[in-house]
Structures are given as C-alpha cells and as structure tokens.
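K.L.:
First the structure, which I've put down as structure tokens, then a few questions once you've had a look.
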Amino acid sequence: MPLVITVRGEHESWHPAERGIVHLSVAIDGPDRSEVFDAAMQSSGRVHALLTQLASNDGAVTRWSSDTVRVTSQRPWNSAGEQLPLVYSATIGYIARFRDFEALAMFIEYVSAVDHTTVALVEWELTDEATREARAEARHLAVIDAYTKAREYAESVGLSEVTTTAIADPGMLADVGSGSEHSGGATQASARMMVAPAAGGPLALNPENISVAASVEARFHAS
C-alpha cells in the first residue's frame, strides 16, 4: 500500500513596478458657495488640462479619471459650544495611472503647487500582462516546491517512487492546514509611495518591488 503524502507548495517572486497610480484631490472650504465652487473649478481645471496633455498620443499617462465636483455645507461648532456660520466645502478627486515614473514625479511636483490640491497616495503595480506571466510562473514553481517536498519526505522514510495524485488551490484538500494565506497567484503587495527628497533637485520616487506569490496543495503516493 503506497504512503500518502499531502503537502503545500509555495513560491514568491519580486518584480520592479511598471505603473504608478497617483491619487489626488482638490478641496477647498469657505463661507461663500460660489467662491468655493469657482476656486475648486479653477484648480481642477489646471489638473485636468495637464492630465489630458499627458494622456494624449500614448503619453506618460495610460488612463485617468476624475469625480464630479461635490459641494457640501455644514455649520461647525467652536470650543465654547457656539454654532458658527455656514461653511461650504468643494472636493474633486483624481486617479491617474503613469507608465513614466519621471513624468509622475514631475506631475506630483506641479500639482502640489496648485492651490487647494493634495496628493494623497501613490501605489505601484505591474502591467496586466506582466501580472499574468508572474502569476503563471509562481503557480508553476509552487507545484515544483510541493513535489520537491514530497520527494524529500519519501526519501526520508526510504521510498523513492513519488506519483502525483492531486493538485488543488489552497483549502481544496481538506487534510491540509490553513498555512499560508497566499492564493493561487495573487499579487500580494501594492507598494505605497516612497519619496526621496533630492537636495535642490527634482522630486525622486523610489517604488518598491511588487510581490507575486502562489500557494498550492498537492497529494502524492510514495512507494
């Protein structure tokens, strides 16, 4: 009767970021609704014009989107418990995906100087094609890792023939513990913005590498 060996195989690889996704917003508060709206639209127009230019003719921006302007109002309270006059707030959000990191750094410098504009976050990604390739490789190497483990277990008890009987995504083989949380090839990290200030020079972005990991469960017979 063959010995049943059930193991988990894993692999993780790291890849240079290929896309930078910047999140920014235009936000302004004030007592006059029209003035708040006009100021928000003026700043937003500068951001909109630059993104349109960068996205044209296969430029530095692969795609971008923006919210419509939202205007809200509230009456705040002061420390004495007194309700203050009405305050209006206008906000417009933007998301832009860059292929050119030097252009991204220049864009951040430019919009940071636009009134009422704040860069909230930069995330890093692989292209869709690179992600698919990295996931396929990670799954392949996770299976090899599982088979290698099974052979080592078999050899440790004097067995030499190992036959694969089942390969599954994590959680599909009931007698394998929860173990790693890696899915069958999901991208595990999207790095946040890393900014290196350059003394007297332009802004420098330092994107972290992107982790792509895979985990499989496998069952073998050894004899």
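The values are calculated or read from the model by the stated rules, or taken from the named source; none is laboratory data. What you see is a predicted model; the values in this text were computed from it and never measured. Heads up, the Cβs are rebuilt from the backbone with ideal geometry, glycines too, and the neighbour counts pull from every protein chain shown.
K.L.:
Somewhere in the range 208-219, is a residue in contact with a Lys or Arg (Cβ under 6 Å, 6 or more places away or on another chain) and either at pLDDT below 55 or on the phi > 0 side of the Ramachandran plot (or both)?
P.N.:
no
K.L.:
In addition: Given the criterion closer than 30 Å to A214 by Cβ and hydrophobic (A, V, I, L, M, F, W, C), identify the matching residue among V22, V61, V114.
P.N.:
Details: V61 fails: closer than 30 Å to A214 by Cβ; V114 fails: closer than 30 Å to A214 by Cβ.
The match here is V22.
K.L.:
Another one. Kindly indicate the residue of the range 139-190 that is among the small types (G, A, S) and either over 20 Å from E12 (Cα atoms) or not assigned by TED's automatic domain parsing to the domain that holds A214 (or both) and also modelled with the lowest pLDDT among those meeting that condition.
P.N.:
We begin by selecting, within the range 139-190, every residue among the small types (G, A, S); these are 142, 146, 150, 154, 156, 158, 160, 166, 168, 171, 174, 177-180, 183-186, 189-190.
Subsequent filtering for residues that are either over 20 Å from E12 (Cα atoms) or not assigned by TED's automatic domain parsing to the domain that holds A214 (or both) retains 154, 156, 158, 160, 166, 174.
Details: A154: 95, S156: 95, G158: 94, S160: 91, A166: 96, A174: 72.
Only one residue tops the list, namely A174.
K.L.:
Could you go through the range 66-81 and let me know if any residue there is within 30 Å of R8 (Cβ to Cβ) and either among the hydrophobic types (A, V, I, L, M, F, W, C) or free of Cβ contacts under 8 Å to residues at least 40 places away in the same chain (or both).
P.N.:
Restricting attention to the range 66-81, the residues satisfying the condition of being within 30 Å of R8 (Cβ to Cβ) are none.
Checked against the condition, which is being within 30 Å of R8 (Cβ to Cβ) and either among the hydrophobic types (A, V, I, L, M, F, W, C) or free of Cβ contacts under 8 Å to residues at least 40 places away in the same chain (or both), the range 66-81 yields no hits at all.
K.L.:
Of the residues in the range 77-91, how many are farther than 14 Å from R33 by Cβ and touching a strand residue (DSSP E or B) at 6+ places or on another chain (Cβ under 6 Å)?
P.N.:
Pass one, the range 77-91, residues farther than 14 Å from R33 by Cβ: 77-84.
Filter once more, keeping what is touching a strand residue (DSSP E or B) at 6+ places or on another chain (Cβ under 6 Å): 77, 83.
Of the residues in that region, 2 qualify.
K.L.:
Here is a follow-up. Suppose we keep only residues that are closer than 30 Å to T164 by Cβ and under 27 Å from the mean Cα position of the chain (by Cα) within the range 1-35. Which one would you say is surrounded by the fewest Cβ atoms within 10 Å (Cβ to Cβ)? Lay out the reasoning, then the answer.
P.N.:
Filtering the range 1-35 down to residues closer than 30 Å to T164 by Cβ leaves 1-15.
Within this subset, residues satisfying the condition of being under 27 Å from the mean Cα position of the chain (by Cα) are 8-15.
Numbers: R8: 20, G9: 22, E10: 19, H11: 21, E12: 15, S13: 15, W14: 13, H15: 15.
Taking the candidates together, the pick is W14.
K.L.:
When the residues of the range 36-58 are narrowed to those that are assigned to a helix (DSSP H, G or I) and among the charged types (D, E, K, R), which ends up surrounded by the fewest Cβ atoms within 10 Å (Cβ to Cβ)?
P.N.:
By that ranking, first place goes to D38.
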